[in-house]
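**Student:** Attaching a single structure in structure tokens format; questions to follow.
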Amino acid sequence: MSDTPRAADTPSDGAGGWAGAAAPAGPGGPGDGGGHLVGHIALALGSVFLALAAVVFYAVHDLEEETDAVEGVRLDHSRGDVLDPLLGPGTARYEDGVEVTVTEPRPARDRTGDGGPGPDTRTFAFSVTYANRSDAPLSFAFAAPMEAWAGGVDRQGDESAAAAVDHVNDEDAARRLPENLAPGRSLTIPLRYRVAADVQQLTFMYGAGDLREDAYWELSLPL
């Protein structure tokens, strides 16, 4: 029998392991620092995304408001716009209640101050009437100029089509435009145009002021 001393046995944990071995960290233990870090990162990213979404929302909203301001008050159901002009005399109606009416062109004699008629020309007279049925004054401060040209809407900007038409009382018509037209009031402006003898159709465009959509009429000229 040996008298060599035995090392003291280390108590077992009862499961075949040593009591001194480090236990695995549980979900809420000291080893869960990475999970907390991921959670903080997720919250931070979520806040950033929400902030970006808010910025995008307000940017789009402001852009829509700026676009509406540029486009102005639209025609009701777009009747009378450049894609769907009024065929012949008629009324263009705006969404806020303002109405613009153009009458049928009639042959007319040249008047003093109109300038001498050119060879092979004809003169026609008609009128444009504003009726302010809205709740606010109708401003003419930014009124689009009256424009007319030979042919249909598709010839807008065509120099030869514009040259075939002469607005003989343009200065008088401009003087008749007030700064504002009060709600419930109407205004009629007589117009006279001299055209080349072979022109059978006249397109008339008029802007109703204060950044409104332009209205178009394709008018037939009697022979």
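The values are calculated or read from the model by the stated rules, or taken from the named source; none is laboratory data. Since the model is a prediction, treat every value here as computed from it, not as a measurement. Cβ coordinates were reconstructed from backbone atoms using ideal geometry, including for glycine residues, and neighbour counts include every protein chain displayed. Surface areas here come from the heavy atoms of the whole protein model, side chains and all, with no ligands, DNA or RNA. Shrake-Rupley method; radii C 1.70, N 1.55, O 1.52, S 1.80 Å.
**Student:** Looking at (1) in a strand (DSSP E or B); (2) open to solvent by 20 Å² or more (accessible area, probe 1.4 Å), find the lone condition where Pro222 falls short.
**Tutor:** Only one criterion in (1) in a strand (DSSP E or B); (2) open to solvent by 20 Å² or more (accessible area, probe 1.4 Å) is unmet by Pro222, namely (1).
**Student:** For region 190-212, how many residues meet the condition of being charged (D, E, K, R) and open to solvent by 40 Å² or more (accessible area, probe 1.4 Å)?
**Tutor:** Counting residues in region 190-212 that are charged (D, E, K, R) and open to solvent by 40 Å² or more (accessible area, probe 1.4 Å) gives 2.
**Student:** Is at least one residue of region 113-125 outside any helix (DSSP H, G or I), more than 22 Å from Ala163 (Cα to Cα), at pLDDT 70 or above and open to solvent by less than 100 Å² (accessible area, probe 1.4 Å)?
**Tutor:** No, region 113-125 has no match at all.
Quick grid of which residues meet (1) under 18 Å from the mean Cα position of the chain (by Cα); (2) touching a residue at least 40 places away in the same chain (Cβ under 8 Å); (3) within 21 Å of Gly157 (Cβ to Cβ):
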position: Ser186; (1), (2), (3): no, yes, no
position: Val195; (1), (2), (3): no, yes, yes
position: Thr203; (1), (2), (3): no, yes, yes
position: Arg212; (1), (2), (3): yes, yes, yes
position: Trp217; (1), (2), (3): no, yes, yes
position: Leu221; (1), (2), (3): no, yes, yes
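**Student:** Okay, moving on. Considering (1) in contact with a Pro (Cβ under 9 Å, 6 or more places away or on another chain); (2) farther than 12 Å from Met146 by Cβ; (3) not in a strand (DSSP E or B), say which one Leu187 fails and leave the rest.
**Tutor:** If we test Leu187 against (1) in contact with a Pro (Cβ under 9 Å, 6 or more places away or on another chain); (2) farther than 12 Å from Met146 by Cβ; (3) not in a strand (DSSP E or B), just (3) comes out false.
**Student:** Moving to a separate point now. So Leu177 fits all but one of (1) in contact (Cβ under 8 Å) with a residue 40 or more places away in the chain; (2) within 21 Å of Leu75 (Cβ to Cβ); what number is the exception?
**Tutor:** Only one criterion in (1) in contact (Cβ under 8 Å) with a residue 40 or more places away in the chain; (2) within 21 Å of Leu75 (Cβ to Cβ) is unmet by Leu177, namely (1).
**Student:** Still on this model: For region 64-86: of the residues being among the aliphatic types (A, V, I, L, M), surrounded by 11 or more Cβ atoms within 10 Å (Cβ to Cβ) and not in a loop (DSSP other than H, G, I, E, B), which is modelled with the highest pLDDT?
**Tutor:** Filtering region 64-86 for residues that are among the aliphatic types (A, V, I, L, M), surrounded by 11 or more Cβ atoms within 10 Å (Cβ to Cβ) and not in a loop (DSSP other than H, G, I, E, B), the one modelled with the highest pLDDT comes out as Leu86.
**Student:** Identify all residues within region 144-183 that are open to solvent by 50 Å² or more (accessible area, probe 1.4 Å), assigned to a loop (DSSP other than H, G, I, E, B) and under 24 Å from Asp120 (Cα atoms); write none if there are none.
**Tutor:** Within region 144-183, Gln156, Gly157, Asp158 qualify.
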